[in-house]
Amino acid sequence: MVSVSARSSRAQDDGLRVLPDPGPPKGEPRSPVRRALAVRLTGLLVAVAVLAVIVVLSIAVGAKSIPFWDVVQGLLSPDGSENAVIVQDYRVSRTLLGVAVGIGLGLSGAVMQALTRNPLADPGLLGIESGASAAVVIAIGGFGVTSLMGYVWFAFAGSVLVAVLVYVLGALGRGAATPVRLILAGTAINATLIACISAVTFLDDEAFGELRMWAVGTLAGRESAVLPQVAPFLIAGTVIALFLAGSLNALALGDETGKALGAHVIRTRVFGVLAVTLLCGAATAAIGPVGFVGLIVPHVTRMITGPDMRWVLAYCVVLSPALLLGADVLGRVVVRPDELAVGIVTAAIGAPVLVALVRTRKVPQL
């Protein structure tokens, strides 16, 4: 093969005039691939900017009205005043917890939908949230645990146990655990656990009063020590989920095609369930069950990026905490000076949005 410089030198030696490479004609539209890449990158940058704005609002807005510059001073040079303590000890830790939990819920929803090849699937279908609630009921009724820090470990253990049980039940019989088997096993266990939790809590309203506060899902009143406890599980689940992006793309084409493309079906499903368990279990243990974040964000993301899981997961890392924190800020404003739990706000926002998305003809399929 003759290089361009070699051809130019040969042409000059022959006395010919060398014209520059004209390149692609001016005004020619970019290829669809480059145009899609530009749209995805632009959208991701916009999403990052939106998250940054909501983080600022989450720190600046609260039950007590604090001037914005006092908030800035409390962040940069805390002087021990009441406003600085509120900003440093309560609002910053609450915001960081919201970001971490939002990432966990969004990624777990995206991985769950990819594993089941169902765009409307939710980690709750695996019974993970019900497993956490059942474990908290056992902690209160059986062991007399009354603190939130005690709930965290019970809730996480319950999530893990239920996820393992669902996978074992889904894998029983001939063949591997299929998406349909996992959904059926998770739905059956979820219904059973909800019935048991309701029956037990109605027996002693006073003892399970704290459970009702945890069960609505809220960022309010969470101690700053909660985030360091659940952070290792959220980080591990995030790393596993991001590494599975390529394999999940292959499985989206079907098990046989995925195998032909080099994906290990069973290993991908096992690690996928592990990622969902770590992410959703830790998030639920930290603030209680919060619906619709893990369902709607991946759904909306696919309308922007398409089914490519590399982009879906990247968008979920940004948009999920934006939705959770935005709902939390809204809950602080609408009933001021009281607050609405973030789980109630996400349900109020998520239900009509989900109905609108399902009714549109542009719903992306997996």
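The values are calculated or read from the model by the stated rules, or taken from the named source; none is laboratory data. Treat the numbers as computed from the prediction; the structure is a model and nothing was measured. Cβ placement follows ideal geometry from the backbone for every residue including glycine, while neighbour counts extend to all protein chains displayed. Heads up: the accessible areas ignore ligands, DNA and RNA and are worked out on the full protein's heavy atoms, side chains in. Shrake-Rupley method; radii C 1.70, N 1.55, O 1.52, S 1.80 Å.
Extension gain, residue 239 to residue 264, is 7.2 nm, computed as 0.36 nm per intervening residue step minus the present C-alpha separation. For segment 150-161, 3J(HN,Hα) computed residue by residue from phi via the Karplus equation (6.51, -1.76, 1.60; θ = phi - 60°) reads x, 5, 4, 6, 5, 4, 5, 4, x, 4, 5, 4 Hz, glycine and proline entered as x. With the simple model of a label 7 Å out from the Cα in the direction of the Cβ, residue 153 to residue 253 spans 4.7 nm. If you sort 69, 311, 153 by accessible surface, 1.4 Å probe, largest first, the order is 69, 153, 311.
Given +1 at the Cβ of Lys and Arg, -1 at the Cβ of Asp and Glu and no other charges, the dipole of segment 60-157 around its Cα centre is 240 debye to the nearest 20.
Extension gain for residue 37 to residue 89 (0.36 nm times residue separation, less C-alpha to C-alpha distance): 14.6 nm.
Subtracting the Cα-Cα distance of residue 333 and residue 351 from their residue separation scaled by 0.36 nm leaves 4.4 nm.
Using a simple spin-label model with pseudo-atoms 7 Å out from Cα toward Cβ, residue 180 and residue 49 lie 4.7 nm apart. Treating each Cα of segment 83-125 as an identical point scatterer and ignoring solvent, apply the Debye formula and state log10 I(q)/I(0) at q = 0.31 Å⁻¹. Taking Cα atoms of segment 83-125 as identical point scatterers yields -0.95. Could you give log10 I(q)/I(0) at q = 0.22 Å⁻¹ for segment 255-366, computed by the Debye formula over C-alpha point scatterers of equal weight, without solvent? Scattering profile of segment 255-366, log10 relative to I(0): -1.30.
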